[in-house]
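The structure under discussion appears below in the form of structure tokens.
The values are calculated or read from the model by the stated rules, or taken from the named source; none is laboratory data. Because the structure is a prediction, the values reported are computed rather than measured. Here the Cβ is made from the backbone with ideal geometry for all residues, glycine too, and neighbour counts use every protein chain on show. Protein only, heavy atoms only, side chains kept; ligands, DNA and RNA dropped before computing areas. Shrake-Rupley method; radii C 1.70, N 1.55, O 1.52, S 1.80 Å.
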Amino acid sequence: MTETAAHAVLRGVTRVYPGASQVHALGPIDLDIAKGEFFSVVGPSGCGKSTLLDVLAGLNPPSAGTIVFEGKPVAGSVPDGVGVVFQEDASFPWLTVRDNVAFGLRRLGMDAAEIARRVDYAVGFMGLADFAGAYPAQLSGGMRQRVCIARTLVLQPRLILLDEPFGALDQQTRLLMGDELLRLWRETGATVLLITHALDEAAMLSDRVGVMSSRPGRFIDLVETGWPRDRDSRIVSDAAFGAVTARLWSSLRTESMKAIGRG
């Protein structure tokens, strides 16, 4: 892949947290993410996965290296066209589903009619139309996470960054939420980068999976799944699915042992 064909490009990216005991959290990282690709990142706990997402989102400056999104350097703030969804429930408990989804658009000062159009679409797309007037406390964990995704969706991002968005959900709900995420990816044409601890989730959802080393995190393997674009959670029953997850674990096992002090 050439840099001109890539949607996001990282070159020599490192992140060192300063202080009395400096922590070299990440890198160096070189990565090209293609436009429209679904790319997931797995790695041991503390390897810098979330740090990678933060520097790509412009939320944390790299200590060295360059990050480019759509041909422009990323520095100092979240670039236009990038949406971020975190693991924590970021919905506002005092706002209804509809008002939560509209929150970012209202802060941008968007026309009320356009806000209504986008919110109607996002709420309907995420299966929340019957709960538009409900408050987060009245929703399940999976539904609250749908609200957070809908709030990002209305901004029409071209690159969606997800940091363990389903980590707090049970296995069955995570699979179904994965189906929703794949549908969102196909219908919007957005590029997606997902951070996850779950190898099966990464294997099911992704075009490619990057396996990171123990800290400082570097990519030690890039696994192409070969799945069709119209895939869903039924792919977990495919014999090739087991081969993909086995390769991911083979690459990751030694690094995970190092992370717990047994490598």
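The residues in region 157-181 that are closer than 18 Å to Leu193 by Cβ and outside any helix (DSSP H, G or I) can be counted, and the count is 11.
The residue pairs whose first member lies in region 13-28 and is at positive phi, whose second member is assigned to a strand (DSSP E or B), and whose beta carbons are closer than 8 Å, counting only pairs six or more residues apart or on different chains, are Gly27/Gly12; Gly27/Val13; Gly27/Thr14; Gly27/Arg15; Gly27/Ala64; Gly27/Gly65; Gly27/Gly217. Confirm whether Met110 is assigned to a loop (DSSP other than H, G, I, E, B), without any contact (Cβ under 8 Å) to a residue 24 or more places away in the chain, open to solvent by less than 60 Å² (accessible area, probe 1.4 Å) and farther than 22 Å from Ala202 by Cβ. Yes.
When region 83-106 is filtered for residues that are in contact with a Pro (Cβ under 6 Å, 6 or more places away or on another chain) and buried (at least 20 other Cβ atoms within 10 Å of the Cβ), the ones remaining, listed by number, are Gly83, Val85, Ser91. Scanning region 187-199 for residues that are part of a loop (DSSP other than H, G, I, E, B) and open to solvent by 10 Å² or more (accessible area, probe 1.4 Å) returns Gly189, His197, Ala198. Taking region 200-224 as the range and being at pLDDT 95 or above, part of a loop (DSSP other than H, G, I, E, B) and either among the small types (Gly, Ala, Ser) or surrounded by 22 or more Cβ atoms within 10 Å (Cβ to Cβ) (or both) as the test, only Ser206 passes. I need a count of the residues in region 47-91 that are out of contact with any Asp or Glu (no Cβ under 9 Å at 6 or more places or on another chain), among the acidic types (Asp, Glu) and not in a loop (DSSP other than H, G, I, E, B). Summing the residues that are out of contact with any Asp or Glu (no Cβ under 9 Å at 6 or more places or on another chain), among the acidic types (Asp, Glu) and not in a loop (DSSP other than H, G, I, E, B) in region 47-91 gives 0. Can you tell me which residues in region 124-139 are aliphatic (A, V, I, L, M) and either without any contact (Cβ under 8 Å) to a residue 40 or more places away in the chain or within 18 Å of Glu180 (Cα to Cα) (or both)? Matches in region 124-139: Met126, Leu128, Ala129, Ala132, Ala134, Leu139. Tallying residues that are open to solvent by 20 Å² or more (accessible area, probe 1.4 Å) and within 21 Å of Ser63 (Cβ to Cβ) within region 33-48 yields 1.
For region 150-164, a tally of residues being surrounded by fewer than 23 Cβ atoms within 10 Å (Cβ to Cβ) and closer than 15 Å to Ala90 by Cα returns 2. Look at (1) among the β-branched types (Val, Ile, Thr); (2) under 18 Å from Asp221 (Cα atoms); (3) open to solvent by 50 Å² or more (accessible area, probe 1.4 Å) and you find that Val23 fails only one, number (2).
Restricting attention to region 70-94, the residues that are within 18 Å of Thr14 (Cβ to Cβ) and in contact with a strand residue (DSSP E or B) (Cβ under 9 Å, 6 or more places away or on another chain) total 3.
Here is the figure for region 49-66: residues that are surrounded by fewer than 24 Cβ atoms within 10 Å (Cβ to Cβ) and β-branched (Val, Ile, Thr) total 1. For region 233-243, the criterion of being surrounded by 20 or more Cβ atoms within 10 Å (Cβ to Cβ) and in contact (Cβ under 8 Å) with a residue 12 or more places away in the chain is met by no residue. Quickly run through region 62-93 and pick out the residues that are within 24 Å of Gly167 (Cα to Cα) and among the aromatic types (Phe, Trp, Tyr). Within region 62-93, Phe86, Phe92 qualify. Filtering region 92-104 to residues that are at pLDDT 90 or above and part of a helix (DSSP H, G or I) leaves Val97, Arg98, Asp99, Asn100, Val101, Ala102, Phe103.
Per the listing Met143, Met177, the residue uniquely touching a Pro at 6+ places or on another chain (Cβ under 9 Å), open to solvent by 20 Å² or more (accessible area, probe 1.4 Å) and at pLDDT below 90 is Met143.
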